[in-house]
Structure formats: structure tokens, C-alpha cells
Amino acid sequence: MAILVLGGAGYIGSHTVYELIDAGREVVIADNLETGHIEAVHPKAKFYQGDIRDRAFIDSVFDNEPIDGVIHFAANSLVGESMVDPLKYYDNNLCGTKVLLESMVAHNIGKIVFSSTAATYGEPERVPILETDRTKPTNCYGETKLSMEKMFQWTSAAHGLRFVSLRYFNACGAHVSGKIGEAHSPETHLIPLILQVPNGQREKISIFGDDYDTKDGTCIRDYIHVTDLAQAHILAMDYLMAGGENNIFNLGNGVGFTVKEVIDTARKVTGHPIPAETVPRRAGDPAQLIASSDKARSVLGWNPQHADLEEIISTAWNWHKNHPNGFAK
Ligand code: UDP
């Protein structure tokens, strides 16, 4: 039996495939390569290029492969883009998931682990955030992910499918082998943007606001290594395979770092002064997002192995300095 990884050529998807294959699982990938990279596809995974909005395509994968469960990463995930092009997010994230679920129900495939996000919470009422806390997204990306969670809930109630939703905090870092890492175009995430400075691709890093109500005025985030996220997907799929009920888990280290602290750590890791300048706040950014992941630890047995920020940034630096243009030659 195989696991179907939708979006397995993307950042978190490709790292999850590497962990699945290391764990001896059979993996089938489907990815439209809109934001994913063929070079990130593990050579031992079977690959199909296609779009989850294409019912005939997704049906053909389920018809031809012995799929036991689905891990679903296939979505657009940029907060800023979702604010200027919300319908793109409704189309890919929601319409895509609708078509996927129709096909899963028709093929009697009843287990799905899916990428959700801390953006479902919006501005938190308190930190660390629990899964039961208020969800009130401040951007369209988070809104579509929350709607996807609800789509799974109603589909589950009607058709018996079971799901696990994993709400990631700030995914970062790269595979220890140095073979795969983060490669977005355009890049919008803090750590890869910081590392463009020592890589000679950017003169300085912009700090989006230093007037937040935090210890140094800059936003606080919970940075979690992509390989630790990947492990959580395997544990979540095993939980469903063992008969586990629908569930939602936060995935973070439970420790927050300010933007300035992240820049300082990158200075230490790279030995580069990394000049920084403060610019106005970015729309839609909550002041702080820190996860309580106690539930993932106790129910799934999740135990992040790369919690140290210096280690996280070192793996990212190892990737970016050797692949300054991502997967492009
Ligand atoms: N950030 C920043 N400068 C940048 C990019 C990001 O100050 O060039 C800040 C951003 O405002 C947020 C944090 O870094 O507080 C993490 O942003 P990122 O886009 O990496 O992840 P997000 O928290 O939006 O998912």
C-alpha cells in the first residue's frame, strides 16, 4: 500500500517524502509543479504531474495506485499574495480540496493528513496557543485553510472519512543531507531572505515594524524545523491507520523568537554582519504566534529533534549557500 503525497515537490511536502522513504514507506507524489520543483522529488517516489482541481487526473491516480492514505500539501501559501489575489486561494485551496474529497469519497479512500496553519488563529487571545483557542484569520490564506478544515469535518460526518489537520507555525530549515531545502519564487519568508544577505543577493534585511508590544518591538514567531514537521505527518498517518479519530494539532517548538533575535542568530551562524533596517509593519502580521504543541506530543508522540534556532538556521544556511538560486542551475 502507498501514501499519496499531494504537493510532494514543494518545500514541506518534499521533506515529508524524504522521511517517509527513509521510514520504508511506499510513496506516490502528485504535484502540478506550479510552485514545486521536479528536482525536489525523491528518486524512489513515483511521480505524477497534475492538478488536484482536475478530477480526471486525481481519479486516474487513485485508479492506478494502491493508495491507503493521503497527505495533502497542494495549496498556495503566501499570506501577502492571498490578500491581493484572494480568489486564487479560494480556487486552488478550496476548489482543489473539494475535487480531491469527491474523488477520495468515490474511491473509498478514508484517511487524510493535511497542512493547516497558525494563520487560522489570526491575532491570538493568548500565547501559547491551544488548538481549542479562537480561530479568526486576519488574512485570506488562513481563511481558506480554516474553511478546508471545516470541509473535512462535514465530509467526515457525511462519508466517514477521517482526517488530521496539522497547524504549522513557522516552517524553516533544510534537510540535513543538503539535497533539498526552501526555494520559493518570489521569496517572502524571513530566514531565507536574511540568508540572501551573506549570500550576496541582498544588501540588507528589512524588519517589518519595531513598534509591536514585544520585548524588542519586533514580531515573535515559533520557528519549527521542516524535518520535525515532516515527522509529524508520518505520526499523524500512523495515528489514522491505527483507527485514530479526526483531530487537529499545533506544530511548533513552543518558544518564540523576535525578528531581531532571528537576525542575530543568523549573524552568528554565517559570521556576516547582515545589516538590517526597520520599515513599516506588514499588513496582517499578528504580534506574536507561539504554539502549544503538548497535544501533538502526548497524542501522536511527536518529539521535535531540531528545536535549537542556531541548528535550524545552520541547516538553512547549508542549503542556501550551496543553492543560491534554489533548484535552478
Ligand atoms: N519579516 C520581516 N522581514 C522580512 C520578512 C518577514 O521582518 O523581510 C517578519 C514578518 O513580519 C514576521 C516574521 O518575520 O513577523 C516571519 O515572517 P514570515 O513571512 O517568514 O512568516 P509568517 O509568520 O508570515 O508566516
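Every read-out reported here was derived from the displayed coordinates using simple, explicitly stated rules and does not represent laboratory data. Just so we're clear, the structure is a prediction, and the values are computed from it rather than from any experiment. Backbone-built Cβ (ideal geometry, glycine too); neighbour counts: all protein chains shown.
The table for this structure:
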{"read-out": "Total charge dipole magnitude, the chain, about the Cα centre, Cβ charges on Lys, Arg, Asp, Glu only, Debye to nearest 20", "value": "80"}
{"read-out": "DSSP beta bridges in the chain [antiparallel fraction, %, rounded to 5]", "value": "5"}
{"read-out": "Linear extension gain, residue 134 paired with residue 23, 0.36 nm per residue minus alpha-carbon span", "value": "36.4 nm"}
{"read-out": "Eligible lysines near residue 44 by straight Cα distance, threshold 19 Å, same-chain separation 8 or greater", "value": "179"}
{"read-out": "Paramagnetic reach from residue 299 in segment 91-111 [backbone N under 17 Å; point 7 Å along Cα→Cβ]", "value": "111"}
{"read-out": "Fraction of the pair-distance distribution of segment 216-329 above 17 Å, Cα-Cα pairs, percent", "value": "65"}
{"read-out": "At R0 = 35 Å, FRET efficiency that the Cβ-Cβ distance of residue 242 and residue 83 yields, to 0.05", "value": "0.30"}
{"read-out": "Alpha-carbon radius of gyration plus Dmax, which is the widest Cα pair, for the chain in Å", "value": "18.9, 57"}
{"read-out": "P(r) weight above 25 Å for segment 14-162, C-alpha pairs, percent", "value": "33"}
{"read-out": "C-alpha center-to-center spacing [segment 241-300, segment 143-184] in angstrom", "value": "16"}
{"read-out": "FRET efficiency, residue 106 to residue 154 (Cβ-Cβ, R0 22 Å, nearest 0.05)", "value": "0.85"}
{"read-out": "Furthest towards positive pole of dipole, 255, 273, 244, structure part segment 206-329, Cβ charges", "value": "273"}
{"read-out": "Mean Kyte hydropathy of 0.0 or more with a Cα span along the axis of at least 27 Å, helices from DSSP in the chain", "value": "none"}
{"read-out": "FRET efficiency for residue 321 and residue 281, using Cβ-Cβ distance with R0 set to 35 Å, rounded to 0.05", "value": "0.70"}
{"read-out": "Lysine pairs with alpha-carbon atoms under 22 Å apart, segment 190-329, spacing 8 or more or separate chains", "value": "9"}
